[in-house]
1. Sort out which residues of the range 341-356 are in a helix (DSSP H, G or I) and hydrophobic (A, V, I, L, M, F, W, C), and write them in order of number.
2. Among the candidates VAL376, VAL405, which residue alone is buried (at least 24 other Cβ atoms within 10 Å of the Cβ), in contact with a helix residue (DSSP H, G or I) (Cβ under 7 Å, 6 or more places away or on another chain) and β-branched (Val, Ile, Thr)?
3. Could you tell me whether the range 357-367 includes any residue that is part of a helix (DSSP H, G or I), modelled with pLDDT under 90, over 17 Å from the mean Cα position of the chain (by Cα) and surrounded by fewer than 18 Cβ atoms within 10 Å (Cβ to Cβ)?
4. Do we have ILE134 as modelled with pLDDT under 75 and aliphatic (A, V, I, L, M) here?
5. Of the residues VAL95, VAL115, only one is open to solvent by 30 Å² or more (accessible area, probe 1.4 Å), assigned to a helix (DSSP H, G or I), free of Cβ contacts under 8 Å to residues at least 24 places away in the same chain and more than 30 Å from PRO204 (Cα to Cα); which?
6. Kindly list, by first and then second residue, each pair from a residue in the range 172-184 that is open to solvent by 20 Å² or more (accessible area, probe 1.4 Å) to a residue that is of a type in the set (A, V, I, L, M) and at pLDDT below 80, limited to pairs with Cβ atoms under 8 Å and residues at least 6 apart or on different chains.
Amino acid sequence: MRESAGRNRLLTIFLIVFVDLLGFSLILPLLPYYAEQYGASEVTVGLLTASYAAAQLVGAPLLGRLSDQHGRRPILLISIAGTAFGFLLLGMAEVLGQSIGVAFFGANLAAINIVVLTLLFISRILDGLTGGNISVAQAYIADVTPAEERGKAFGLIGAAFGLGFIIGPVVGGVLGARFGYAVPAFVAMTIATLNLVAVYLFLPESVTPEQRAAMTNRPRPAFNIGSLREALQRPRVGPLFHVRFFFGMAFAMFQSIFALYAAGDPLNLSIEQTGLVLGYVGVLSVVIQGFAIGRLTKRYSDKQLMLVSAMLMAGSLLLWGFVPNVWTLLIVMAPLAFGGGVLNTVINSALSKSVYPEEIGGTLGISASLESLTRVIAPALGGLLLAVARPWGPALFSSVLMVWVASFIWRRLFINPDPPLEPRSEAPGRPYAKTPDAAIAH
């Protein structure tokens with residue numbers, strides 16, 4: 001019965017993340033077109049796209065920390081409600097912007113366009129601040145699964161991401177083309193609202209009041225830039241954050257500039273063909289993270305999987321820059337999807353096993369923030385590299401980053417690993433003070 005309840009909770013978390021990502025990816029392909037019809041330049045569209053990731057950079061660790069103090073369920077409810085409101089504002093931006101613009105600026109079209117664009121920015125920033133609840137979902141999984149099963153459980157999160165990004169853009173494109181750019185935003189709002197109802201009805205709290213009290217009473221670092229610097233210097237956690245950032249930069253560069261790369265030489269793909277290629281990568285990621293990762297984590301240690309994945313990514317990213325045609329590209333994308341899917345899953349699993357229970361939410365929040373930071377930096381840098389050295393510039397740069405990651409994993413996790421986490425004694429009133437497994441000690 002207890003095992004069945006655990007599976008049901010994991011399924012609910014899977015659906016939460018899937019629906020969250022589906023709502024996000026529904027509007028993602030249409031956002032540039034939505035903004036451009038109100039006079040947005042390419043630079044403005046880039047900033048609009050980056051504003052979500054920049055807001056998530058702040059929101060993810062904050063939500064993770066709040067979930068440690070107040071429980072996972074209420075923070076999930078608040079964050080999903082914020083996401084739904086952000087989508088509502090996105091869908092209403094045209095009507096509200098024109099009404100506000102006419103009221104204050106009359107028939108000045110330029111002023112009205114500025115108001116609409118401002119509302120678009122506000123909607124994306126709000127969704128970014130509250131949409132960082134992936135760290136809370138990951139913390140929930142860490143609460144309800146034993147350490148030896150955590151890699152497989154985190155793989156389900158990755159599979160939910162993959163499914164959301166496969167289905168969402170296709171559905172959003174069809175809706176936007178047939179019914180207008182605002183309709184996908186309203187559909188995403190509806191999906192987020194259903195998600196909110198599902199959490200309220202079917203997801204129990206994973207942390208008891210006694211456990212929350214124990215976590216709240218324990219000292220924790222301040223939430224600021226200094227605490228991030230301190231986290232990067234911590235034993236066990238710091239090396240994993242290092243891997244997270246540089247891996248995230250390489251993978252975000254591939255994701256963010258792939259469409260621009262595919263549209264020019266040597267591939268010259270159409271939008272439909274580019275979407276199919278990305279869908280193919282998404283399907284591979286779902287298969288890897290949803291099915292293969294559980295067996296891999298049972299057979300191999302976290303550090304072994306990270307090293308092999310980094311090496312695979314380094315090689316496939318380098319080959320990506322020199323592929324002559326689509327068929328070669330599809331072959332090269334297979335090890336890239338495998339390495340990225342495994343590495344993304346195992347890093348968060350290892351992080352959750354490298355800190356004490358009351359630190360899991362905040363630690364995974366910092367991990368999500370580092371990932372968001374890469375999505376702010378990578379698009380601009382990747383576009384510049386592509387303009388200077390098409391088609392191999394971004395690929396070569398990303399490959400060099402992954403060579404560094406592989407060498408760093410070898411040096412810091414194999415040759416000179418940090419010592420295991422110090423055991424904590426069980427004290428009265430502190431039922432959650434148990435020693436976690438060291439993520440990379442074996």
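1. Here is the first cut: in the range 341-356, the ones in a helix (DSSP H, G or I) are 341-352.
Residues satisfying the conditions are VAL342, LEU343, VAL346, ILE347, ALA350, LEU351.
2. On the way: VAL376 fails: buried (at least 24 other Cβ atoms within 10 Å of the Cβ).
Residue meeting the stated conditions: VAL405.
3. Our first condition is that a residue be part of a helix (DSSP H, G or I); within the range 357-367, this holds for 357-367.
From what is left, the residues that are modelled with pLDDT under 90 are 357-367.
When the remaining residues are screened for being over 17 Å from the mean Cα position of the chain (by Cα), the result is 357-359.
With surrounded by fewer than 18 Cβ atoms within 10 Å (Cβ to Cβ) added as a condition, the list becomes none.
No, that holds for no residue.
4. Working: modelled with pLDDT under 75: yes; aliphatic (A, V, I, L, M): yes.
Answer is yes for this residue.
5. Working: VAL115 fails: open to solvent by 30 Å² or more (accessible area, probe 1.4 Å).
Only one candidate qualifies: VAL95.
6. Once the first residue is open to solvent by 20 Å² or more (accessible area, probe 1.4 Å) and sits in the range 172-184, its partners that are of a type in the set (A, V, I, L, M) and at pLDDT below 80 give GLY173/LEU30; LEU175/LEU26; TYR181/LEU30; VAL183/LEU175.
Rundown of residues vs (1) buried (at least 20 other Cβ atoms within 10 Å of the Cβ); (2) part of a helix (DSSP H, G or I), yes/no style:
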| site | (1), (2) |
| --- | --- |
| GLY294 | no, yes |
| LEU305 | yes, yes |
| VAL323 | no, no |
| GLY339 | yes, yes |
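The values are calculated or read from the model by the stated rules, or taken from the named source; none is laboratory data. Note that the structure is a prediction, hence the values are computed from the model and not measured. Counting neighbours? That spans all protein chains shown, and the Cβs are built from the backbone with ideal geometry, glycine included. The accessibility values were calculated without ligands, DNA or RNA, using every heavy atom of the protein model including side chains. Shrake-Rupley method; radii C 1.70, N 1.55, O 1.52, S 1.80 Å.
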